[in-house]
Amino acid sequence: MIARMDELLKHWADQHRGQGMRQCSPIGKMVEFGGIPPRSSGPKGSRDPLNLGEMDELAWQIEQALQQLDDRHQVLAHEHYRWNGYSDEKARRLGIARRTYYDRLDRLHEALQSVLGDQLRKQTRA
């Protein structure tokens, strides 16, 4: 397991669960800012039609990186980080042995680290 990838994926999952996300309702924004909130910094006409809140930049980069991975890695990321339960249960739901579950989790971390490294190299070149 790569500790930094584990931390990033936990942050990504927290954002999906709504922890750390900004309020979208007018009353929620007023409570958050203690009065009239500042204008949105999003693009003109930007909306959140499902009223789910905004994912922060780091979680969004993780989301984009995960979408570049194969389906098996994406399913494992969602299963391990977004759903509660013990690893034995999760492995059973995926139809794999516990040891295989952790081997695949290691490979997920390695693949994610590779994609994020590629993204960083592209950004520094630009």
Go ahead and run the numbers for FRET between residue 4 and residue 89, Cβ-Cβ distance against an R0 of 22 Å, rounding to 0.05. 0.25
I want to check the label-to-label distance for residue 106 and residue 56. Put each point 7 Å from Cα in the C-beta direction and report it in nm to one decimal. 3.1
Sequence of 27, 96 once ranked by neighbouring C-beta atoms within 10 Å, starting from the fewest: 27, 96
Sites residue 74 and residue 124 - FRET efficiency at Förster radius 22 Å, r taken between beta-carbons, to 0.05: 0.25
Order of 58, 116 under a 10 Å beta carbon neighbour criterion, fewest first: 58, 116
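Bear in mind these aren't lab numbers, they're just calculated from the coordinates by the rules spelled out. All values reported here derive from a predicted model rather than from experimental measurement. As a convention, Cβ positions derive from the backbone with ideal geometry for all residues, glycine included, and neighbour counts pool all protein chains shown.
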